[in-house]
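Visitor: Can you read through this structure? Questions will come right after.
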Amino acid sequence: MMLMWSTAVLGIAFLLVGCGAFSLPNVPDNLTKEQRSAAIVSASVAEEISREYLKYHRTGIETARLQELGKDLRTSHSKKAIFTESMADLSSTDQYFVCTLCRSTINVFARTFTQGELSGPERDDEAKKLILGLCDYFDVMTPEVCSGIFDLNWPILDFIMNETVASSQSFCSMLPIAICQVKQDEYNLTLSIQGDSPTESNSNLPAKSSEDILVLHLTDIHYDPEYAEGSNAVCDEPMCCRNSLPEGSDSTAAAGFWSDYRDCDCPKRLILSAFDHIKENHKIEWIYHTGDVPPHNIWSTTKQGNMDMLSEIDGLLAEYFPNTPIYPCLGNHEPHPTNVFGNDEVPTELKVDWLYEHVWSLWSKWLPAEAKDTVLRGGYYTVSPSQGHRIVTLNSMDCYLYNWWLYYNASLIQEQLQWFHDTLLLAEEAGESVHILTHIPAGDGDCWSSWAYEYNRILTRFNAIITGAFSGHTHKDEMNLHYSDEGYATVVNWNGGSLTSYSNKNPNYRLYELSPGNWQVLEHQTFTINLTEANLSPSEQPKWYLEYQFTKEYTEDTSPAGIDRLLQEMAEKPALLRKFWRNKFTNSDPKLAEGCDDTCLSQTICRIATSNYLERTRCKELQAILAESLENETDETDDNGDGGASGLTALSLVSLLALLAASKVLS
């Protein structure tokens, strides 16, 4: 899953120390008037905060203006949501907070670097003092988390900030926040793509048969060996359910036996329960495992701890499914520190070769010897399990915005993408059908849009042979439809959800039925438990059940063209979209209580139709249709199973600017 935004703010701030002071460049042309205004306000406020805070840091004297700005910023964000949600999914007020604090922190670091505080022998101590001070002053996170993140990431960031090819204006603009974005030209990825693009949507769909293949998709296990029943499930840290309840706490704050909805990861017993149910009830041909085994304690990971967890889960998979091939890929939580993958230009002591070597020692029992070179080089590989079929597994950390090496020289990631293209070209020449495994879906807001653009170009070119893409990371039972530049539906990315309940979801796994001829996905089924019910009976095994079957719930046409027609139907029939939203969160009790209002529905359909965060042509078309449908919807046509439009609507940028003006931030 995504790394919390707070880590991004800290890390990006470090990177800008050596890059010069921040200056607001031209904002993108596609921003609305409201967004452009908010962008200017954010930059202006950030500049003022950085000046006032630096005075405070040097003198210990807190000016009245800093008190005012600090109070406004500290009280403007919903702290827990900011820690646990993708930045792209945050409310306007939370995004404003993230963008403004990012810019403020960068300005502070740039000034301390240029004026000497961070250029002497006490550089490390001074940098940590600044970060801990900012975290505390703006109530970003607990001192323990802030300190841990600094200690783990500073050696890497200290190197990058002195070597990066990027200019200072690029860093906050890479966040998936519209008001933070600027025009940037540092990273120009241009792949050499051979062949012609399609002239129509991909509608290839073989008929179902008794010979169809059953495949298991496991993702985002997030095993927590330190999970403790009865521990504190409402802590301030990004992950809970480890430490004892504070004295006098309400009993409702105690962690459940099988897991907990509240920002907690998987105890081993839940993993074993899932594996038991799968083994006893399904005859599967192979397993796709799309990453993220370690838990979300991003401030306290260790290299050995991560390796031990990877080995333990690998051992359990081999024990439960000894004769079943398993095709894994890396997630962002596998390395130490979290998210950070390097390349040939990375200093030896900062590389993650130890991780590539370790996973090869685990994966080699399932993969051919020729996969070793690319696994050891970058954690990616290809394999042909049978005649006419191929699996291509990517290390999607090349697109992850919190992989700090992107800020060092993002053009270096072109190597894997070109390998991907060349591998597909050979597969096409050999008449093979292809499945793609990747942890992060390209349309996720945390995936770098320049990478996503080139990735989509490749999918467009080879859509005729790609019969399925499979991912995780978001912890949501969902899908993303890829489109060509001309608007043709090309490839469906199926997201397996997560075995962890982090956050506010029920654990789940997926099964796919594939055509034996070309491996086209013809059906998928999601199995889950109700965590509330399971925790009421800790002495009994959770009741795993079939939550839904895709073709019965939505459509029998699982081709890209068929899914595009389904999206059209969802926009025209909001009740169907509400059903998708409920299933997306595995019908968890907290989400059902929260409900999905019109804004939520609009975001939901946009996410399905987005395979590059900055390219939303089909998204906007569907949102316009949905808006009209919602306006014409009557009580009779509204499916009230999720509470209809319950839940608060996020503040708009108009409301945000009004609030800022009222609090004199605009003065």
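The values are calculated or read from the model by the stated rules, or taken from the named source; none is laboratory data. None of these values were measured; they are calculated from a predicted model. Don't worry about glycine lacking a Cβ; one is built from the backbone with ideal geometry, like all the others, and counts go over all protein chains shown. Only protein heavy atoms, including side chains, enter the accessible area calculation; ligands, DNA and RNA are left aside. Shrake-Rupley method; radii C 1.70, N 1.55, O 1.52, S 1.80 Å.
Visitor: Answer yes or no: is there a residue in region 516-530 that is within 21 Å of residue 88 (Cβ to Cβ) and open to solvent by 10 Å² or more (accessible area, probe 1.4 Å).
Guide: Among the residues of region 516-530, not one is within 21 Å of residue 88 (Cβ to Cβ) and open to solvent by 10 Å² or more (accessible area, probe 1.4 Å), which makes the answer no.
Visitor: Something else now. Just to verify a result, which residue in region 265-280, among those that are part of a helix (DSSP H, G or I) and free of Cβ contacts under 8 Å to residues at least 60 places away in the same chain, is most open to solvent (accessible area, probe 1.4 Å)?
Guide: Top of the filtered list is 280.
Visitor: Let me ask something else about it. Quick check on this structure: which one of 438, 490, 500 is among the hydroxyl-bearing types (Ser, Thr, Tyr), over 18 Å from residue 619 (Cα atoms) and touching a helix residue (DSSP H, G or I) at 6+ places or on another chain (Cβ under 7 Å)? Walk me through how you get there before you give the answer.
Guide: On the way: 490 fails: over 18 Å from residue 619 (Cα atoms); 500 fails: touching a helix residue (DSSP H, G or I) at 6+ places or on another chain (Cβ under 7 Å).
The match here is 438.
Visitor: Kindly provide the set of residues from region 315-329 that are open to solvent by 20 Å² or more (accessible area, probe 1.4 Å) and either of a type in the set (Gly, Ala, Ser) or part of a helix (DSSP H, G or I) (or both), ordered by number.
Guide: Of everything in region 315-329, those that are open to solvent by 20 Å² or more (accessible area, probe 1.4 Å) and either of a type in the set (Gly, Ala, Ser) or part of a helix (DSSP H, G or I) (or both) turn out to be 315, 318, 319, 320.
Visitor: Next question. Do the conditions hold for residue 403, that is, is it open to solvent by less than 20 Å² (accessible area, probe 1.4 Å) and touching a Gly at 6+ places or on another chain (Cβ under 6 Å)?
Guide: The answer is no for residue 403.
Visitor: Somewhere in region 336-343, is a residue within 23 Å of residue 494 (Cα to Cα) and either open to solvent by less than 20 Å² (accessible area, probe 1.4 Å) or in a helix (DSSP H, G or I) (or both)?
Guide: Keep residues of region 336-343 that are within 23 Å of residue 494 (Cα to Cα), which gives 339.
Those left that are additionally either open to solvent by less than 20 Å² (accessible area, probe 1.4 Å) or in a helix (DSSP H, G or I) (or both): 339.
Checking region 336-343: at least one residue is within 23 Å of residue 494 (Cα to Cα) and either open to solvent by less than 20 Å² (accessible area, probe 1.4 Å) or in a helix (DSSP H, G or I) (or both).
Visitor: Go over the candidates 542, 507 one by one and state the one that is over 25 Å from residue 620 (Cα atoms), more than 26 Å from the chain's Cα centre (by Cα) and crowded, with 24+ Cβ neighbours inside 10 Å.
Guide: Going through 542, 507 in turn, the sole match is 542.
Visitor: Another question, then. Go through region 70-111 residue by residue and tally those that are of a type in the set (Lys, Arg) and under 22 Å from residue 239 (Cα atoms). Give the steps one after another, and end with the answer.
Guide: Quick first cut of region 70-111, residues of a type in the set (Lys, Arg) only: 71, 74, 79-80, 103, 111.
Imposing the further condition that a residue be under 22 Å from residue 239 (Cα atoms) reduces the set to 74, 79-80.
So the answer is 3.
Visitor: Additional query: Could we say that residue 599 is of a type in the set (S, T, N, Q) and open to solvent by 10 Å² or more (accessible area, probe 1.4 Å) here? Full working, then the answer.
Guide: On the way: of a type in the set (S, T, N, Q): yes; open to solvent by 10 Å² or more (accessible area, probe 1.4 Å): yes.
Considered against the rule, which asks whether it is of a type in the set (S, T, N, Q) and open to solvent by 10 Å² or more (accessible area, probe 1.4 Å), residue 599 comes out as yes.
Visitor: Is it the case that some residue within region 223-239 is open to solvent by less than 10 Å² (accessible area, probe 1.4 Å) and over 24 Å from the mean Cα position of the chain (by Cα)?
Guide: Yes, there is a match, as at least one residue in region 223-239 is open to solvent by less than 10 Å² (accessible area, probe 1.4 Å) and over 24 Å from the mean Cα position of the chain (by Cα).
Visitor: Looking at region 190-199, is at least one residue at pLDDT below 95 and of a type in the set (A, V, I, L, M, F, W, C)?
Guide: Going through region 190-199, the residues at pLDDT below 95 turn out to be 190-199.
From the residues that got through so far, the ones that are of a type in the set (A, V, I, L, M, F, W, C) too are 191, 193.
Yes, the conditions are met somewhere in region 190-199.
Visitor: Okay, next question. Are any residues in region 386-400 on the phi < 0 side of the Ramachandran plot, surrounded by fewer than 16 Cβ atoms within 10 Å (Cβ to Cβ) and either touching a Ser or Thr at 6+ places or on another chain (Cβ under 8 Å) or not polar (S, T, N, Q) (or both), and if so, which ones?
Guide: none
Visitor: The conditions are (1) under 30 Å from residue 517 (Cα atoms); (2) surrounded by fewer than 21 Cβ atoms within 10 Å (Cβ to Cβ), and residue 290 fails exactly one of them. Which is it?
Guide: Every condition holds for residue 290 apart from (2).
Visitor: Next up: Among the residues of region 416-461, how many are crowded, with 24+ Cβ neighbours inside 10 Å, in a loop (DSSP other than H, G, I, E, B) and touching a strand residue (DSSP E or B) at 6+ places or on another chain (Cβ under 7 Å)?
Guide: Residues that pass the stated criteria total 7.
Visitor: Of the conditions (1) in contact with a Phe, Trp or Tyr (Cβ under 6 Å, 6 or more places away or on another chain); (2) farther than 30 Å from residue 214 by Cα, residue 351 clears all except one; give me its number.
Guide: With respect to (1) in contact with a Phe, Trp or Tyr (Cβ under 6 Å, 6 or more places away or on another chain); (2) farther than 30 Å from residue 214 by Cα, residue 351 is out only on (1).
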